[in-house]
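To start, the structure under review is shown below, and the notes come after it.
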Amino acid sequence: MDKKSKFNNLIQLMFSFFKIGLFTFGGGYAMIPLIQKESVEKRKWVSEEEIVDIIAIAESTPGPIAVNSATYIGYKVAGILGSIFATLGLIIPSFTIIFAISFFYEKFMQIAIIKSIFKGLSIGVIILIFNAFLKLKKTIKLNVSTTILFILISSYLILNYFFEITIPFFTLILIMFGFVFGIVTEVILKGQKK
Amino acid sequence: MIYFTLFYTFFLIGLFTFGGGYAMIPMITEQVTSRGWMELSELQNFIAISEMTPGPFAINIATFIGSKTGGIFGAICATFGVVLPSLIIIILVAFILNKFLENKYVKGALFGVRPVVLALILSTAITFFFKAVIPYSSGIVSTFNREAFALVIILFTYTILHKKAYKKAINPIILLLLSGLFGLIIF
């Protein structure tokens, strides 16, 4: 590939993901159809089969799904620079809009009507998080040991609210514990049975 | 230094989030409140705004918290921090091909982390619920917030009915618009 077309590719990647970032509300999963349309149908950067793999990888690696897919597609098209440009394109609309909002946020929140609206919104957020839990629960298969783990951790964390214990990086410790638990029960113990 | 703290806090958040933006909320809540960056109620406002504006939730919330705690450089550091793990990991995965995900240890670790992520999200929802309905601090329960409780019931019933009627989950933005409208009437 000559220099000029490589440069064009980078700009196109950035522009495509800019568009995707600007026109999707509601984060990663809402973005998947747009990413599919843009990178498979319109630009033919990846094939129909590849995109399925990309989404699976984006979902099972850490980090936001949208960023993961942008990075992956960017890499496929134009290497490391490609992933940087695609991710930049995805970030710029969010960054600009939120940064602008953060400027007048404080003043805005002093208005009585806005305060009431946001009291309602904070309740809406609770329902959204609960819905995210229900959605995720559907896609996850739990066996006996992981269900017990799930119940134990949830009840501990909920009780924590009343005991007001704060352990720094406790979430991180729990996630690490999950890794070790998974490796021990799924790989080591199951390996022994065979 | 605030910029470095923001960068590395969001780097960790990006690195240990499995299952999309919402899975980030438990860790963000923990970090933001324990570092005294903001009150929980303010964080909830940020979550609502990040959900209603375009773009990935994770980027929005990182930019918002970064901007609030450290101005434009804070916003850049937080956002850069939250995407950097993705960049590194995805490039590595693309480099050593998809074999990585077929490794039995990786599979095992991902299997074990799922119930933990589920528990974290559920308990965040329930803790937020308690904070709204029975505000509790240092052993003292303040008055039961009837309005908040009523709104939780109304919205929750609505989402269930919506799902039954349309066979698909309610659009988060519609839900937030509704809750804002109810907030205006009730509070």
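The values are calculated or read from the model by the stated rules, or taken from the named source; none is laboratory data. Because the structure is a prediction, the values reported are computed rather than measured. Ideal geometry is used to build each Cβ from the backbone, glycine not excepted, and the neighbour counts take in all protein chains shown. Ligands, DNA and RNA are excluded from the accessible area calculation, which covers all protein heavy atoms including side chains. Shrake-Rupley method; radii C 1.70, N 1.55, O 1.52, S 1.80 Å.
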Helices (runs of 4 or more DSSP H) fully within the range B:1-76 counting 3 or more residues that are of a type in the set (Gly, Ala, Ser) | B:40-52
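Okay, residues lined up against (1) open to solvent by less than 40 Å² (accessible area, probe 1.4 Å); (2) under 23 Å from B:Ala48 (Cα atoms); (3) among the hydroxyl-bearing types (Ser, Thr, Tyr); (4) modelled with pLDDT under 85:
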| site | (1), (2), (3), (4) |
| --- | --- |
| A:Gly27 | yes, yes, no, yes |
| A:Met31 | yes, yes, no, yes |
| A:Ile35 | yes, no, no, no |
| A:Lys42 | no, no, no, no |
| A:Glu50 | no, no, no, yes |
| A:Ala56 | no, no, no, yes |
| A:Ile65 | yes, yes, no, no |
| A:Ile73 | yes, no, no, no |
With the checklist (1) in contact with a Cys (Cβ under 9 Å, 6 or more places away or on another chain); (2) within 7 Å of chain A (Cβ to nearest Cβ) in hand, flag the one item B:Gly66 doesn't pass.
-> (2)
Flag for A:Ile80 being assigned to a helix (DSSP H, G or I), within 7 Å of chain B (Cβ to nearest Cβ) and in contact with a Ser or Thr (Cβ under 8 Å, 6 or more places away or on another chain) = no
In the range B:19-41, anything under 22 Å from A:Phe177 (Cα atoms) and facing another protein chain (nearest Cβ under 7 Å) is listed as B:Gly19, B:Gly20, B:Gly21, B:Tyr22, B:Ile25, B:Pro26, B:Met27, B:Glu30, B:Ser34
Top-ranked residue of the range A:83-120 - restricted to ones that are more than 7 Å from every other protein chain (Cβ to nearest Cβ) and among the hydroxyl-bearing types (Ser, Thr, Tyr), ranked as farthest from A:Lys3 (Cα to Cα) | A:Tyr105
Selection count where residues are among the charged types (D, E, K, R) and at pLDDT below 90, scope the range B:40-63 = 1
Mind telling me which of the residues A:Ile73, A:Ile57 ends up being aliphatic (A, V, I, L, M), under 23 Å from B:Ile96 (Cα atoms) and within 7 Å of chain B (Cβ to nearest Cβ)?
-> A:Ile57
A:Lys44: passes all of (1) part of a helix (DSSP H, G or I); (2) more than 7 Å from chain B (Cβ to nearest Cβ); (3) under 28 Å from B:Glu102 (Cβ atoms) but (1)
Quick one: is B:Ile121 at pLDDT below 90, touching a His at 6+ places or on another chain (Cβ under 7 Å) and facing another protein chain (nearest Cβ under 9 Å)?
-> no
Applying the selection to the range B:2-30, what residues are farther than 18 Å from A:Thr139 by Cβ and aromatic (Phe, Trp, Tyr)?
-> B:Tyr3, B:Phe4, B:Phe7, B:Tyr8, B:Phe10, B:Phe11, B:Phe16
Tally the residues that are among the aromatic types (Phe, Trp, Tyr) and either within 20 Å of the chain's Cα centre (by Cα) or within 8 Å of chain A (Cβ to nearest Cβ) (or both), restricting the search to the range B:124-167.
-> 5
Residue check, B:Val93 aliphatic (A, V, I, L, M), part of a helix (DSSP H, G or I) and under 30 Å from A:Thr71 (Cβ atoms) = yes
When (1) in a helix (DSSP H, G or I); (2) under 30 Å from B:Ile186 (Cα atoms) are applied to A:Glu50, the one that fails is (2)
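For the range B:97-187, give me every one of the helices (runs of 4 or more DSSP H) that falls completely inside it and has 1 or more residues that are among the small types (Gly, Ala, Ser) and surrounded by fewer than 15 Cβ atoms within 10 Å (Cβ to Cβ). Explain how you work it out, then say what you get.
Numbers: elements: B:99-102, B:104-133, B:146-166, B:172-186.
In the range B:97-187, the matching helices (runs of 4 or more DSSP H) lie at B:146-166.
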Hey, B:Phe16 hits all of (1) within 8 Å of chain A (Cβ to nearest Cβ); (2) closer than 14 Å to B:Phe80 by Cβ; (3) open to solvent by 20 Å² or more (accessible area, probe 1.4 Å) but one; which does it fall short on?
-> (2)
Could you check, for the range B:72-79, whether at least one of its residues is within 22 Å of A:Asn131 (Cβ to Cβ) and open to solvent by 90 Å² or more (accessible area, probe 1.4 Å)?
-> no
Looking across the range B:32-46 at residues that are under 16 Å from B:Phe57 (Cβ atoms) and touching a Leu at 6+ places or on another chain (Cβ under 8 Å), the single one that is surrounded by the most Cβ atoms within 10 Å (Cβ to Cβ) is B:Gln44
Near pairs, Cβ below 7 angstrom, 6+ apart or cross-chain, from the range A:122-140 (hydroxyl-bearing (Ser, Thr, Tyr)) to any residue that is open to solvent by 40 Å² or more (accessible area, probe 1.4 Å) = A:Ser122/B:Ser41
Restricting attention to the range B:85-96, report how many residues are open to solvent by 30 Å² or more (accessible area, probe 1.4 Å) and closer than 18 Å to A:Phe179 by Cα.
-> 1
